[in-house]
Amino acid sequence: MKIKHWMTSNPVTVKPDTPIVEASRLMKEHKVRHLPVVDRGKVVGMVTHRHLLEASPSVATSLSIHEINYLLANLKVEEVMQKDPICISPDDLVLDVVLLGQEKGIGAFPVVDNGRLVGIVTETEIYRAFVQLLGDREHDSIIILENVRLRQTIGALSRIASIIEAHDIPVLGIFTLPHRRRPGNRLYIRVGTKDTEQLCRDLEAEGYVIGD
């Protein structure tokens, strides 16, 4: 699955010199929490709802309401934004973006094609993509296999698929994630049945470990 199929196209943007009060208004109006900051057609930053909250004076401040309003009216997006954000391509894979987000601690990415902003992808879009990948919970099942050595075993996926299809059960989707604490991958297999008891026994008989 590529990002271009899940991103929000033509996102709302702001300029570096946009007042933060205007950025806040745009977020509320469009029900978003991230705004790419664009200057002369180039993405130069990302401003989030959290940035705006952190820029607002504390409720315990000794400033008067007039002083607060003055400060907020003159504070610009460029003073609070994340500069030079990591951008991704519309052809990047959703899983790669998920792993990049985990590595960098980032919840939203501008999507850039040939230097031009074409979209934004956030945790919300990625969540929707994975819900689609996981499929119809009423009729399908997810089988988890632990510690599959994909790099060391050529043909591992086709072998697993053949075991499943021998039961006349369609394989609807397969994706993997590196195991967090042990070597190998955790393999998630979406199959078109709710009755997986015998299938899991046969997979275990072939040496695979069924995860929870």
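Quick note: the coordinates plus some simple rules give every number you see, no bench work behind them. Worth saying up front: this structure is predicted, and the values here are computed from it rather than measured. Here Cβ is always computed from backbone atoms with ideal geometry, including for glycine, and neighbour counts include all displayed protein chains.
Nearest 10 degrees, 0 to 90: what angle lies between the long axis of helix 123-134 and the longest principal axis of the chain (Cα atoms)? Long axis of 123-134 versus the principal axis of the chain: about 20 degrees.
Assuming 0.36 nm per residue, please report the length gained on full extension of the stretch residue 150 to residue 33 beyond their Cα-Cα distance. Provide the component values of the computation, followed by the final result.
Values: separation 117, 0.36 × 117 = 42.12 nm, distance 3.81 nm.
So the extension gain works out to 38.3 nm.
If R0 is taken as 41 Å, the Cβ-Cβ distance between residue 8 and residue 206 corresponds to a FRET efficiency of 0.45. The base-10 log of I(q)/I(0) for the chain, evaluated at q = 0.12, 0.15, 0.19 Å⁻¹, reads -0.76, -0.95, -1.26 [Debye formula, identical scatterers on Cα atoms, solvent excluded]. For the range 88-163 and the range 25-44, write down the distance between their C-alpha centroids in whole Å. The range 88-163 and the range 25-44 have Cα centres separated by 25 Å. Placing dummy labels 7 Å off each Cα toward the beta-carbon, the span from residue 74 to residue 102 is 4.7 nm.
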